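The values are calculated or read from the model by the stated rules, or taken from the named source; none is laboratory data. Small disclaimer: the values here were computed from a predicted structure and weren't measured. So basically every Cβ, Gly included, is an ideal-geometry build from the backbone, and we count neighbours across all protein chains shown.
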Amino acid sequence: MVTRTERVPTFCPLCVSRCGAMATVEDGRFIELTSDPAHPTGAAVCVKGKSAPRIVDHPDRLLYPVRRTNPKGASDPGWQRISWDEALDTVATRLTQIAGESGPESVVFASSSPSTTAVSDSVDWITRLRRGFGSPNFTCAMELCGWGRYLASTYTYGAPVPGAFMPDLERAGCILYWGYNPSVSRLVHATATAEALRRGAQLVVVDPRRAGLASKANRWLRVRPGTDAALALALIGVMLRRGWYDEEFVRRWTNAPHLVRTDTGRLLRADEVWPGAGAGLVAWDETAAGPVGYHPARRNYDVNVERLALNGEVRIATRDGEVACRPVLEMLLRHCTAMTLESAAAITGVDAADIERAAETLWTSRPVAFYTWSGLEQHSDTTQIIRAVNVLYALTGSLDAPGGNVLFSAVPTNPIDGVELLAPSQRAKAIGVQDRPLGPARFEFVTGEDFYTAALTGYPYRARALVDFGGNLVMAHGDSARGRDSLRALDFFVHADLFLSPTSESADIVLPVATPFEAEALRVGFEVSQPAQAHVQLRRPVAQRRGEARSDLEIVFALATRLGLGEHFWGGSIEDAFRHQLAPSGVTLEQLREQPRGVRVPLQTRHQKHAEQHDGVAHGFRTPSGLVELHSETLATHGYPALPTFEEPPVSPRSRPDLAGRYPLVLTCAKPLWFCESQHRQIPELRRALPDPQVELNPETAAGRGISAGDWVRIDTPHGSVRARARLNASLAPDVVCGQHGWWQGCAELGLPDEDPFADDGVNLNLVLRQTPSDAVSGSSPLRSSVCDVSPVRG
Ligand SMILES: Nc1nc2c(c(=O)[nH]1)N[C@H]1C(S)=C(S)[C@@H](COP(=O)(O)OP(=O)(O)OC[C@H]3O[C@@H](n4cnc5c(=O)[nH]c(N)nc54)[C@H](O)[C@@H]3O)O[C@H]1N2
Ligand SMILES: Nc1nc2c(c(=O)[nH]1)N[C@H]1C(S)=C(S)[C@@H](COP(=O)(O)OP(=O)(O)OC[C@H]3O[C@@H](n4cnc5c(=O)[nH]c(N)nc54)[C@H](O)[C@@H]3O)O[C@H]1N2
Ligand code: SF4
Ligand SMILES: [Mo]
């Protein structure tokens, strides 16, 4: 018999790297995934990508829709197979009924993170479904994963930097990775960084561990977890005192010249100086020695920017009498100088001299391209930390410059996320917006903490139903047991997934999802470089559909039709929807089918778009002032600090001396290479490399506790204890340990059983971490700065 082997161009959507790849299909069976160096993200595929066929074929895949027959809380849900028609009809009927009784806002939608699952294929369509349905509530770990990179940075830049403004690694003089380890988390950035280092780029890494590329860094700053804002403030102080900042950019494109009232700490408004002057702000004209107006709508001053003062103090006659004012930059300088190098060193554990040297590297090797991620996302003051790093980056003047962080030109498409479908009156009901008006809820994202509260207590109203595409909520958020209780409190919960999980355990109906290798998907733009962002690809199925699994996209369209939303979903035709999406791009579906490797749309990168003019008015930034806001009046108006501020993490050995004796160590965590978040432990090829959860600790710390490498240890926190195996890592500070979340799943082939994620002394780290005290602005949880002790497991 002749075997027919086919090599099918594709890309791997298992994580954010979205590596261009080739699938080997033998007699219709998907057997291998390899790299496709011709693809703009195809330099390599990782071990997870190589195991993709094992995920598709895994015996534990959910293959049919099921409904529970036992009450919630029973040890066995009693899953019973049902037809798709019954499943979808039940879902549509229940959601319609609940929306009729309590409003569509009582139905919360959710998904796994598009950075860690193929839900990236369909997340915009899920959003369209939610908006069409009328719910402003979407839960997807935004506050733990995307707040800092995306939404919080809009308060400084008016745009997501570095989330959408990607590091231009090909041209960067200096790469700054702050709480980001692409060697594990985004292969395409790791390979591009290695290439940049070969051509001589400098690398600065801020991380409590010397992990991944940090071993190649010119400067590695070993920060104590959660104290990053102190480090950033100290760096800013050095840069301002030494004059290591791009004065031209700072003067023209940031609000550095705007005057701040020293009595209130707020920006001086034009109408305080010139009654009836309108919405403008005020700067100081050094040449004329008097105040001048700044006009946000025109993005300009009454005089040339060269004449504006950036330091000093002036007294200005206002309608409240004479007030002392200082330019924002002077305020920033004083604020950051208050964080002396010595105190920053004492707080962060980074030597004063290393802080100076890092500032110098950033300045002398510009342009700087940066990325921040999980290391800065999961803290009680994430927003302040991010603000501090964002302000620091603004000083380099590298924003949207070649070799800096660049918004690469995107392929023009029709937006599909249905923003027009949700009435403003519904949008205003997002859960959480009452308490954190600037937080994720403002962008229709509900934090895990707020969702659990709404489900359990009815505040601000009851979340009655959940429609979840993948999200493994109870494993992803702190306080897994509270998560489970809140899911059980729902009136109706439908979950769509490849596998059953500790989250779907509480569902009423679980829908089987096809793996991305069994499903078609359209990808417009691969983000990381201009060629990648100009790349459009239609991924075709490379594996045969198993059972009755359907793609998320198919489920969305089928559900939309049943919910009476067919008119917004092209009558249920995904193909027509794709055609609509692609229409402005000039690329057709036929072309994409003919060219499975993808189509490159000719696009030119435009840099420094803020300086482009339209009708004589500069484009500027999409902040209230039209400038990069070093001082954020928006934050100040809501009672938050206008300048980024450091606060000791509220649960640390320093802030909680009452806990320090029993829990002397700082606990953070990081992701392992072999698995995505709480997934993939069932794949033997991956699990063999890391059979058990690890906790990394300094050899000294281990020795002092009688712990040897590989021992099972207990991680004790004030909320319970879980187990992990000790891994010695001399790069960690002796009082810092680093664990891993997401462990529960067994691996039958290796004889490893499932673990109860809610059992004390189990292996689920998030069982003993908490969602609180959460970040005042965003509600992010302190998963990366809390306290613990580690001790050997006896017996
Ligand atoms: N302590 C601690 N907690 C953390 C983190 C941490 O670093 N430390 N990280 C946080 C971060 S950054 C994130 S993003 C979250 C991750 O939380 P989630 O986004 O929930 O990701 P996972 O836990 O991996 O769960 C993903 C689920 O989606 C399913 N799935 C996979 N592919 C698909 C698909 O194509 N469609 C559908 N419908 N389902 C699919 C998987 O089987 C799995 O059940 O966890 C957060 N929690
Ligand atoms: N292999 C793999 N790849 C993934 C994922 C995965 O689970 N596995 N998940 C995907 C997702 S959803 C995400 S969000 C990304 C995350 O990608 P990354 O952000 O790179 O994830 P981590 O490795 O968890 O964290 C980065 C670094 O932060 C450091 N860190 C911990 N605490 C602190 C701190 O307080 N300050 C600073 N400065 N650093 C700190 C850790 O030591 C770690 O080296 O990866 C994506 N890619
Ligand atoms: S890094 Fe691995 S899992 Fe992520 S997209 Fe690439 S091959 Fe897939
Ligand atoms: Mo994430």
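Checked against the criterion of being surrounded by fewer than 23 Cβ atoms within 10 Å (Cβ to Cβ) and out of contact with any helix residue (DSSP H, G or I) (no Cβ under 7 Å at 6 or more places or on another chain), the candidates GLY146, GLY134 yield just one match: GLY146.
Looking only at the range 472-503, which residues are in a loop (DSSP other than H, G, I, E, B) and more than 6 Å from ligand 1 (Cβ to nearest atom)? Residues satisfying the conditions are HIS477, GLY478, ASP479, ALA489, LEU490, ASP491, LEU500, PRO502, THR503. Close Cβ contacts (under 6 Å, 6 or more residues apart or on different chains) running from residues in the range 555-578 that are free of Cβ contacts under 8 Å to residues at least 40 places away in the same chain to residues that are of a type in the set (Gly, Ala, Ser) and crowded, with 18+ Cβ neighbours inside 10 Å comprise TRP570/ALA577. Taken over the range 99-127, the criterion of being within 16 Å of ligand 1 (Cβ to nearest atom) and in a helix (DSSP H, G or I) is satisfied by ALA118, VAL119, SER120, ASP121, VAL123, ASP124, TRP125, ILE126, THR127.
Of the residues making up the range 149-164, those that are crowded, with 23+ Cβ neighbours inside 10 Å and in a loop (DSSP other than H, G, I, E, B) are SER153, VAL161, PRO162.
Scanning the range 167-202 for residues that are within 16 Å of ligand 1 (Cβ to nearest atom) and charged (D, E, K, R) gives a single hit, ARG186.
Listed conditions (1) under 28 Å from LYS609 (Cα atoms); (2) outside any helix (DSSP H, G or I) are all met by VAL350, apart from (1). Scanning the range 451-487 for residues that are among the aromatic types (Phe, Trp, Tyr) and touching a residue at least 40 places away in the same chain (Cβ under 8 Å), we see that the one that is nearest to ligand 3 (Cβ to nearest atom) is PHE469. Would it be correct to say that LEU767 is crowded, with 24+ Cβ neighbours inside 10 Å and either within 30 Å of ARG442 (Cα to Cα) or in contact (Cβ under 8 Å) with a residue 40 or more places away in the chain (or both)? The answer is yes for LEU767. Residues that are out of contact with any Gly (no Cβ under 8 Å at 6 or more places or on another chain) and part of a helix (DSSP H, G or I) within the range 390-432 comprise ASN390, VAL391, LEU392, TYR393, ALA394, LEU395, VAL419, GLU420, PRO424, SER425, ARG427, listed in sequence order.
One residue is enough: does the range 229-240 have a residue meeting the conditions touching a His at 6+ places or on another chain (Cβ under 8 Å) and within 23 Å of ASP320 (Cβ to Cβ)? Can you show your working first?
First, pick out the residues of the range 229-240 that are touching a His at 6+ places or on another chain (Cβ under 8 Å): 233.
If we keep only those that are within 23 Å of ASP320 (Cβ to Cβ) as well, we get none.
No.
For the range 180-264, the strands (runs of 3 or more DSSP E) that sit wholly inside it and include 3 or more residues that are crowded, with 24+ Cβ neighbours inside 10 Å and in contact (Cβ under 8 Å) with a residue 12 or more places away in the chain are 202-206.
Matching residues to (1) more than 16 Å from ligand 3 (Cβ to nearest atom); (2) on the phi < 0 side of the Ramachandran plot; (3) at pLDDT below 95:
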| residue | (1), (2), (3) |
| --- | --- |
| GLU32 | no, yes, no |
| GLY42 | no, yes, no |
| CYS46 | no, yes, no |
| LYS50 | no, yes, no |
| PRO53 | no, yes, no |
| ASP89 | yes, yes, no |
| GLY103 | yes, no, no |
| SER111 | yes, yes, no |
| THR117 | no, yes, no |
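Can you spot a residue in the range 410-432 that is within 16 Å of ligand 2 (Cβ to nearest atom) and surrounded by 24 or more Cβ atoms within 10 Å (Cβ to Cβ)? Within the range 410-432, none of the residues are within 16 Å of ligand 2 (Cβ to nearest atom) and surrounded by 24 or more Cβ atoms within 10 Å (Cβ to Cβ). Scanning the range 1-21 for residues that are surrounded by fewer than 22 Cβ atoms within 10 Å (Cβ to Cβ) and not in a loop (DSSP other than H, G, I, E, B), we see that the one that is farthest from the chain's Cα centre (by Cα) is THR5.
For the range 697-704, the criterion of a residue being part of a helix (DSSP H, G or I), at pLDDT 95 or above and aliphatic (A, V, I, L, M) is satisfied by at least one position. Taking the conditions exactly as written (farther than 30 Å from ARG714 by Cα, under 25 Å from the mean Cα position of the chain (by Cα), exposed (fewer than 15 other Cβ atoms within 10 Å of the Cβ) and not charged (D, E, K, R)), does HIS638 satisfy them or not? It is true that HIS638 is farther than 30 Å from ARG714 by Cα, under 25 Å from the mean Cα position of the chain (by Cα), exposed (fewer than 15 other Cβ atoms within 10 Å of the Cβ) and not charged (D, E, K, R). From the list ALA748, ALA776, ALA730, the lone residue that is touching a Gly at 6+ places or on another chain (Cβ under 9 Å) and in contact (Cβ under 8 Å) with a residue 24 or more places away in the chain is ALA776. Residue check: ALA724 meets all listed conditions (1) in a loop (DSSP other than H, G, I, E, B); (2) within 14 Å of ligand 1 (Cβ to nearest atom) but one, namely (1). Screening THR372 against (1) polar (S, T, N, Q); (2) within 16 Å of ligand 4 (Cβ to nearest atom); (3) surrounded by fewer than 19 Cβ atoms within 10 Å (Cβ to Cβ) leaves a single unmet condition, (3).
Of the residues making up the range 62-74, those that are surrounded by fewer than 21 Cβ atoms within 10 Å (Cβ to Cβ) and within 30 Å of TRP674 (Cα to Cα) are LEU63, TYR64. Report whether or not ARG94 is assigned to a helix (DSSP H, G or I) and in contact with a strand residue (DSSP E or B) (Cβ under 6 Å, 6 or more places away or on another chain). Judged against the criteria, ARG94 is a match.
Within the group GLY739, GLY720, which residue is over 30 Å from HIS58 (Cβ atoms) and in contact with a helix residue (DSSP H, G or I) (Cβ under 8 Å, 6 or more places away or on another chain)? Walk me through it before giving the result.
Values: GLY739 fails: over 30 Å from HIS58 (Cβ atoms).
Step by step, each of GLY739, GLY720 is checked, and only GLY720 is over 30 Å from HIS58 (Cβ atoms) and in contact with a helix residue (DSSP H, G or I) (Cβ under 8 Å, 6 or more places away or on another chain).
Filtering the range 195-222 to residues that are charged (D, E, K, R) and within 21 Å of the chain's Cα centre (by Cα) leaves ASP207, ARG209. Applying the set (1) more than 16 Å from ligand 2 (Cβ to nearest atom); (2) touching a helix residue (DSSP H, G or I) at 6+ places or on another chain (Cβ under 7 Å) to PHE165 leaves exactly one unmet item: (2).
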